[in-house]
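What follows is a single structure, written as structure tokens, with notes after it.
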Amino acid sequence: MPFLIAPSILSADFLNLERDIEMLNRNDAADWLHLDLMDGVFVPNISIGFPTVAQLTKISKKPVEAHLMFVEPQRFITRFRDFGVSTLSVHYEACEHLYRVISEVRVAGMSPGVAINPHTPVELLDDILEEIDLVIVMSVNPGFGGQKFIPRALDKIRRLRRMIDSRGLRTLIEVDGGVTLDNSRQVIEAGADVLVVGNAVFGSNNPEEMIRKFKCGF
């Protein structure tokens, strides 16, 4: 049952980000670097700014995915391309012209993704599934790390899995928020391809070993 692990830098030690990125670089169980970017408008929090993103992408040896919790994310597409981001995800709820934004991400040379909040039905993605490479199912309300997993997300993952498989698509399902060793098996069995792990990793005594436990727990 292959799946990917994407540690979220949101829960890392901001005083030692280079150390934590180097830990991920040498960890074979870590597949992607997940960047949560917040504008303080779409969500009530601010994470890291563009200068920090530029430095993190320089030292990361893992593919970098940026999850934009921004209003008007289209204003920043080329900037993230220039940073070397591989996958750029925007929120369904933040884009009035979602198809246009997705197309601009693709033209910029990045894989486009779409994130949906806990209250947003997966069926609203029906008309764009063929156009995107990734769907982020938010299993917490976006904006803060360390929140508890919303169990209803499991049903959303299953429904989305059926939508993708019925069309023979290769769109990945990523689950972001409250993923722990205790619920990760349920999330994978529901149909997820990528687990975003934050507080469960960086809040542990041994983050490097915890990532391996997520990957090898199956």
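The set of residues in the range 87-138 that are over 26 Å from Ile150 (Cα atoms), among the polar types (S, T, N, Q) and touching a strand residue (DSSP E or B) at 6+ places or on another chain (Cβ under 6 Å) contains only Ser111. Just name the residue that is surrounded by the fewest Cβ atoms within 10 Å (Cβ to Cβ) out of those in the range 27-62 that are among the small types (Gly, Ala, Ser) and in contact with a strand residue (DSSP E or B) (Cβ under 8 Å, 6 or more places away or on another chain). In this case the residue turns out to be Gly40. Just one of Leu172, Leu154, Leu88 is more than 30 Å from Lys58 (Cβ to Cβ), of a type in the set (A, V, I, L, M) and either out of contact with any Leu (no Cβ under 8 Å at 6 or more places or on another chain) or crowded, with 19+ Cβ neighbours inside 10 Å (or both); which is it? Just a single option satisfies the conditions, and that option is Leu154. Criterion applied to Asp82, Asp28, Asp20, Asp36 was being under 20 Å from Val201 (Cβ atoms) and in a helix (DSSP H, G or I), and the one residue passing it is Asp20. Note on the range 194-218: among residues that are in a loop (DSSP other than H, G, I, E, B) and surrounded by fewer than 19 Cβ atoms within 10 Å (Cβ to Cβ), the one that is nearest to the chain's Cα centre (by Cα) is Gly203. If the condition is being in contact (Cβ under 8 Å) with a residue 60 or more places away in the chain and farther than 12 Å from Gln147 by Cα, then the range 173-188 contributes Glu174, Ile188. Among the residues making up the range 1-51, those that are without any contact (Cβ under 8 Å) to a residue 40 or more places away in the chain and of a type in the set (Phe, Trp, Tyr) are Phe14, Phe50. Of the residues making up the range 9-31, those that are closer than 17 Å to His67 by Cα and at pLDDT 95 or above number 1. Scanning the range 76-99 for residues that are free of Cβ contacts under 8 Å to residues at least 24 places away in the same chain and closer than 23 Å to Leu124 by Cβ gives Cys95, Glu96, His97. Residues in the range 181-199 that are touching a Phe, Trp or Tyr at 6+ places or on another chain (Cβ under 7 Å) and of a type in the set (Val, Ile, Thr): Ile188, Val194, Val197.
The values are calculated or read from the model by the stated rules, or taken from the named source; none is laboratory data. All figures in this text were calculated on a predicted structure; none of them were measured in a lab. Backbone-built Cβ (ideal geometry, glycine too); neighbour counts: all protein chains shown.
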